[in-house]
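**Q** Here it is, the structure, as structure tokens.
The values are calculated or read from the model by the stated rules, or taken from the named source; none is laboratory data. Keep in mind that what you see is a predicted model, and the values were worked out from it rather than measured. Positions of Cβ are backbone-derived with ideal geometry, glycine not excepted, and every protein chain shown enters the neighbour counts.
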Amino acid sequence: MSKSKKHHYVPQLHLKHFANAKTSRGKKNYSVYFYDKKDDIKGKVNIKKAAMENYFHGKGESGQIIEDTMGRFETKVAPVYRDLISYKDHQILENIKSRVIISAFITIQHIRTLKSREEIRSTFKMAKEELFEQFDDDRSREVIEKYYPEEEVEEVHLSLINQKVLSDLTKILYDKKWILLENNTDFPFWTSDNPVARYNPLDLSPYGNLGVASWGIQIYFPLNTKLCLCLLDPERYRTYNNLEKVKFKDINQNIKNAEKSIIEDIDEIEFINGLQIIESYRQIFSKFDNFSLAKKMIKENPNMKNLENEIEVNFQKEFRPGSGLIHTRNIRK
């Protein structure tokens, strides 16, 4: 087992499809342009150094096992990913094996990013702050610190990468309405350090509406500058961007049948890229050095720079069986 120090939380398999290739001494190097929304800077970086951290999956043996397992799985994903890009054929998504592989790939990508880890950290921090306001005696504070330890954020995050969680989420994604979006404009799709982007036109208050199983959910995963996967709630969408109630008897067939939608309107591309800006932790990646949309959105809404502005922690006043005392949800300001 070879030891690796640099652990990507967005794989090079994905990033290279948004990169520019340059051959040097017979070897291809891939670089992407990036915009850092927190520091308002842009530049160019080799994908080997993008969306990665040293020992992100842990320094010990378990961390190396996760890194090696991810590498082996990406080898399985690569042929399906390549075929989708080469043939632009939505029927590939109707093949059970291919859809399972891509569903699992998106699931893992959704879970293992730096943003996912920092959401846990922010939730711990905000939950402690809320509880400290309600229970300010020393004994209570000691108990609260025990249940929300800062040093265990990484462990809690990595614990999500287990067979049960991955299997359950993969099944949820598999059972979506799958649509292959083809970009027929001059403006490219972007990706980011958290490329699984979510949107929901339905207000499900007081509950969050961005869970992968939420009514009305739309999930976007760009494949390259010209193609993007769109996974929709199969009970409320038959086609892309058309919210309608699907009859119960038609839901299974709606899930089986993948579709393809060609986008001619640049506003649609900007909407999808806008989700990458919103959902990213810090960095957006593009094949081209043009981030005017990102700069405009951040200028209009500086809250996008701060992860804690996207998380809300609520405490249930009265206990109800089967319901947790603490609820968190993503919010968009």
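**Q** Residue 47 - would you say it is aliphatic (A, V, I, L, M) and over 23 Å from residue 226 (Cα atoms)?
**A** When the stated conditions are applied, residue 47 does not pass them.
**Q** Within segment 223-243, restricting attention to residues that are assigned to a strand (DSSP E or B) and without any contact (Cβ under 8 Å) to a residue 60 or more places away in the chain, which residue is nearest to residue 83 (Cα to Cα)?
**A** Of segment 223-243, the ones assigned to a strand (DSSP E or B) are 227-232, 237-239, 242-243.
Those still in the list that are without any contact (Cβ under 8 Å) to a residue 60 or more places away in the chain too: 228, 230, 232, 242-243.
Numbers: 228: 14, 230: 17, 232: 22, 242: 27, 243: 29 Å.
By that ranking, first place goes to 228.
**Q** Has segment 115-129 got at least one residue that is at pLDDT below 80, surrounded by fewer than 13 Cβ atoms within 10 Å (Cβ to Cβ), among the charged types (D, E, K, R) and farther than 30 Å from residue 231 by Cβ?
**A** yes
**Q** How many residues does segment 52-61 contain that are in contact (Cβ under 8 Å) with a residue 24 or more places away in the chain and either assigned to a helix (DSSP H, G or I) or under 30 Å from residue 179 (Cα atoms) (or both)?
**A** Going through segment 52-61 one residue at a time, the tally reaches 1.
**Q** Does residue 220 fit the bill of being part of a strand (DSSP E or B) and among the hydroxyl-bearing types (Ser, Thr, Tyr)?
**A** Here the answer is yes, as residue 220 does meet what is asked.
**Q** May I pose another question? Would you check which residues across segment 1-28 are surrounded by fewer than 20 Cβ atoms within 10 Å (Cβ to Cβ) and under 22 Å from residue 227 (Cα atoms) and list them?
**A** Across segment 1-28, the qualifying residues are 12, 13, 16, 20, 21.
**Q** Looking at the structure I just gave you, is residue 107 outside the structural domain of residue 69 (by TED's automatic domain parsing), crowded, with 19+ Cβ neighbours inside 10 Å and touching a residue at least 24 places away in the same chain (Cβ under 8 Å)?
**A** no
**Q** Take segment 283-326 and flag every residue that is touching a helix residue (DSSP H, G or I) at 6+ places or on another chain (Cβ under 8 Å), within 19 Å of residue 118 (Cβ to Cβ) and at pLDDT 90 or above.
**A** Matches in segment 283-326: 284, 285, 298.
**Q** I've got another one for you. Filter segment 35-51 for residues that are assigned to a strand (DSSP E or B) and farther than 14 Å from residue 192 by Cβ and give the result.
**A** Step one: list which residues in segment 35-51 are assigned to a strand (DSSP E or B), which gives 35-36, 41-46.
Result: 41, 43, 44, 46.
**Q** Moving to a separate point now. Here is a check on your reading of the model: is residue 80 in contact (Cβ under 8 Å) with a residue 60 or more places away in the chain and either assigned to a helix (DSSP H, G or I) or farther than 28 Å from residue 284 by Cα (or both)?
**A** no
**Q** Taking the options 2, 24, name whichever one is at pLDDT below 90 and under 24 Å from residue 155 (Cα atoms). Lay out the reasoning, then the answer.
**A** On the way: 24 fails: under 24 Å from residue 155 (Cα atoms).
Just a single option satisfies the conditions, and that option is 2.
**Q** So, of the residues in segment 155-172 that are among the aliphatic types (A, V, I, L, M) and closer than 22 Å to residue 66 by Cα, which turns out to be surrounded by the fewest Cβ atoms within 10 Å (Cβ to Cβ)?
**A** Within segment 155-172, the match that is surrounded by the fewest Cβ atoms within 10 Å (Cβ to Cβ) is 165.
**Q** Among 185, 123, which is closer than 24 Å to residue 223 by Cβ and in contact with a strand residue (DSSP E or B) (Cβ under 8 Å, 6 or more places away or on another chain)?
**A** Just one listed residue meets the conditions, 185.
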